[in-house]
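Take a look at the structure set out below.
Only the coordinates and a few stated rules stand behind these numbers; no lab work does. Remember, predicted model here, so these are calculated numbers, not experimental data. Every residue, glycine among them, receives a Cβ derived from its backbone with ideal geometry; neighbour counts consider all protein chains shown.
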Amino acid sequence: MTTAQTAHQDTFSYAMHMVAEHFMDVMYFDLGRYLVAAGVLSILLLVFGTWARNRRIQKRRATRADYKREFLSSIRTVFVFGVTTLATLLGREIGVIHFKLDQVSLFTFVWQFALIVVLHDAWFYWIHRAMHSKRLFRATHLHHHKSRTPTPWAAYSFTTWEAVFEAAFMPLFLLATSLMGVAYSGLAVLFFLWHMIIRNVMAHAGSELFPAGWVDNPLTDWIATTTHHDLHHSDRANYGFYFTWWDRWMGTEHPRYKEEFRKNAKPFIMFGSAKPALPEQV
């Protein structure tokens, strides 16, 4: 056996050792993010039930079958995401992907976090639109749209193909930045992963989580709300994730988005019953 073959075998053996050692760790991490984000939001919607009911977006309620389907298919997605995380870690170990686990400056953390969020939003928009094409929709995205009235547990309710498309962003992004000589901050990646699942469950909350006036303020109306994505489930518009930019640039924003948001973003009523507004005094 040549030296090159021996080195290749050693690298492969080391890679397999890393897979065996970290497999359960990455599965727990990806499963934990999903359970914590969806679980915490579900509890909050129950505790503040009056507030959530006053801000319900759809009249229809999710059924027990909806919850079961969303949870079970999300477990499948967790497995796909875990495999992708393993592939990313292996890429780092063999020197193809570079990211730092040590501390970085606040400035570096901020710009790296902002960059990955902005690029992921673009990736999501175009992948999402592609999956809505006639050729791909049934095989990739139809399952997610079975959640006509989404719940926080629908955040990862994907087919295997959709999970692969969604998960591919991270290793491809880190490979690209590595080839450009940028060793990404592990902290920025970690914050991005938590930001992604939190925004995901918020988009599927079923009740508007953003405050009244959000879509009428130029400082905030570019950030997508719960109503923004809920309209996608009910009326096939609004393909963006974090922001409204791409939908506005591409003409795919729902024509009644702001009107619907204003209907859903009711006054801040936390407990008790909503009281009808008093007639104005003349």
Convex hull around the C-alpha positions of the range 99-172: the volume in Å³ per residue is 121
Any aspartates and glutamates whose Cα falls less than 13 Å from that of LYS266, other than same-chain ones fewer than 8 residues away, would be GLU208
Unit-weight point scatterers at every alpha-carbon of the range 129-220, Debye formula, q = 0.17, 0.25 1/Å: log10 I(q)/I(0) is -0.97, -1.18
Once VAL118 and ILE75 are pulled to full extension, the length gained, defined as 0.36 nm per residue separation minus their Cα-Cα distance, is 12.8 nm
Rh_Kirkwood(the range 190-272) over Cα pairs, Å, one decimal, evaluates to 13.2
Length-normalised contact order of the range 80-167, Cα under 8 Å, at least 6 apart, in percent, tallies to 34
In nanometres, the difference between 0.36 nm per residue of separation and the alpha-carbon distance of LEU172 and ILE43 is 42.9 nm
On each of the three principal axes the extent of the alpha-carbon atoms of the range 28-179, given in whole Å and largest first, is 50, 40, 27
So, over other residues within a Cβ distance under 15 Å of PHE241, counting Lys, Arg +1 and Asp, Glu -1, the net charge is -3
Cα-Cα pairs in the range 77-134 separated by more than 16 Å, as a whole percent of all pairs, come to 67
Residue span MET24 to LEU179: 0.36 nm per residue of separation minus Cα-Cα distance leaves a gain in nm of 52.9 nm
Over 19 Å (Cα to Cα) among LYS68/LYS134; LYS59/LYS263; LYS68/LYS263 -> LYS68/LYS134; LYS68/LYS263
Neighbours of THR77 by Cβ distance under 11 Å: Lys/Arg at +1, Asp/Glu at -1, summed charge -3
Per-residue ellipticity at 222 nm attributable to helices in the chain (runs of n ≥ 4 DSSP H, -39500 (n - 2.57) apiece, nearest 500 deg cm²/dmol) works out to -20000 deg cm²/dmol
Simple SL model, points at 7 angstrom along Cα→Cβ for ARG236 and VAL164; separation in nm is 2.5
The range 121-159 and the range 88-116 have their Cα centres apart by a whole-number Å value of 28
Using alpha-carbon positions, the gyration tensor of the range 130-170 gives root eigenvalues a ≥ b ≥ c; with a/c under 1.5 called rounded, otherwise prolate if a/b exceeds b/c, else oblate, the class is oblate
The relative contact order of the range 143-223, taking Cα pairs under 8 Å that sit 6 or more residues apart, comes to a percentage of 40
Per the Cα gyration tensor, the chain corresponds to an equivalent ellipsoid with semi-axes, largest first in Å, of 39, 20, 18
With the 8 Å Cα cutoff and a minimum separation of six or more residues, the chain has a relative contact order in percent of 26
One finds, for TRP194 and ARG60 with R0 = 25 angstrom and r their Cβ-Cβ distance, a FRET efficiency to the nearest 0.05 of 0.25
